[in-house]
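The structure appears below as structure tokens.
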Amino acid sequence: MSGGQKMSHTVSFEQAASRVMVALDYDGTAEAQRLIEQLEGIPCYMKVGMQLFYAGGPSFIRELKERGYSVFLDVKMHDIPNTVKGGANSIAKLGVDMFNVHAAGGKKMMQAAIEGVEAARAADPSLPRPVIIAVTQLTSTNNEVMNEEIGIPGTVEETVVRYAKLTQEAGLDGVVASPHEVKSIKAACGDSFRTVTPGIRPKGAPLQDQSRVMTPAEAMRHGTDYIVVGRPITEAEDPRAALLSIIEELM
Ligand code: C5P
């Protein structure tokens, strides 16, 4: 399910699970594999970021795909268009379901990501068309850093919405954003423009370095399409029970 549809009690376990992305933030594949074994049979999305991808490489992505998982490769590409096109081409060949680039790279760079994917699919039509999304303003950036260090005037929220519109104009499918920004992004770009939201903490879970958090159910009520959850699952005493309780919260 996607496109900003609100969850209701009619949502199945599978539908709810498919909207939860487990952030596999590990420095190697052994720990990640241990978690995957604990979560066996739960049809959630798996998010692989730079740390694990640079350690585990394409073979780990193939393993996740062989196990039947949807995979979000969160490598946030940001380079000249030709290089991003090449990167997207290689990523598409891995058969991932979603990957991302930085909106700050501009429209041409984002379009190059689509071109890279299309070139891979022209050579091998069996490849899926991954969902391509953009990072707007990192949630670690506050107004002061954005204004004074990066040199972008205005508020973070204005920049996020402007980048979301640029992402849509480039033909991409959605953005990574804070759950607090989902309503304004959907208002500007429409319900079918997808949002992927980290900064999720079940009630009572420690915040760690996240600040403006929402619970899984709150984020869904704000209209997000996917929630990203890392440490509340990976560092739980019983990761399987933690994931199941998040999925149940969404049903
Ligand atoms: O452990 P936790 O639930 O905070 O993990 C959140 C995940 O989402 C991490 O993989 C982090 O890199 C990612 N993320 C984020 N904020 C962003 C973009 C990505 O927390 N703006």
Long-range neighbours under 6 Å by Cβ, at least six apart or interchain, first residue within 16 Å of residue 175 (Cβ to Cβ) within region 75-100, second aliphatic (A, V, I, L, M) and part of a helix (DSSP H, G or I): 75/50; 77/84; 99/91
Lone unmet requirement of (1) under 21 Å from the mean Cα position of the chain (by Cα); (2) more than 16 Å from the ligand (Cβ to nearest atom); (3) in a helix (DSSP H, G or I) for residue 144: (1)
Candidate set: region 105-133, residues that are in a helix (DSSP H, G or I) and in contact with a strand residue (DSSP E or B) (Cβ under 8 Å, 6 or more places away or on another chain); chosen: the one surrounded by the most Cβ atoms within 10 Å (Cβ to Cβ): 113
Single residue of region 214-233 satisfying the filter (assigned to a loop (DSSP other than H, G, I, E, B) and in contact with a Pro (Cβ under 8 Å, 6 or more places away or on another chain)) that is farthest from the ligand (Cβ to nearest atom): 222
Helices (runs of 4 or more DSSP H) contained entirely in region 1-90, each with at least 2 residues that are within 15 Å of the ligand (Cβ to nearest atom): 29-38, 50-66
Residue match in region 191-202 (condition: touching a helix residue (DSSP H, G or I) at 6+ places or on another chain (Cβ under 7 Å) and away from the ligand (no atom under 14 Å from the Cβ)): yes
Residues of region 159-180 satisfying the condition of being within 13 Å of the ligand (Cβ to nearest atom), closer than 23 Å to residue 229 by Cβ and open to solvent by 10 Å² or more (accessible area, probe 1.4 Å): 176, 180
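The values are calculated or read from the model by the stated rules, or taken from the named source; none is laboratory data. Every value quoted in this text rests on a predicted model; they were computed, and no experiment measured them. Neighbour counts are summed over all protein chains in view; Cβ atoms, including those assigned to glycine, are modelled from backbone coordinates with ideal geometry. Remember, those area values only see protein heavy atoms, side chains included, never the ligands or the DNA or RNA. Shrake-Rupley method; radii C 1.70, N 1.55, O 1.52, S 1.80 Å.
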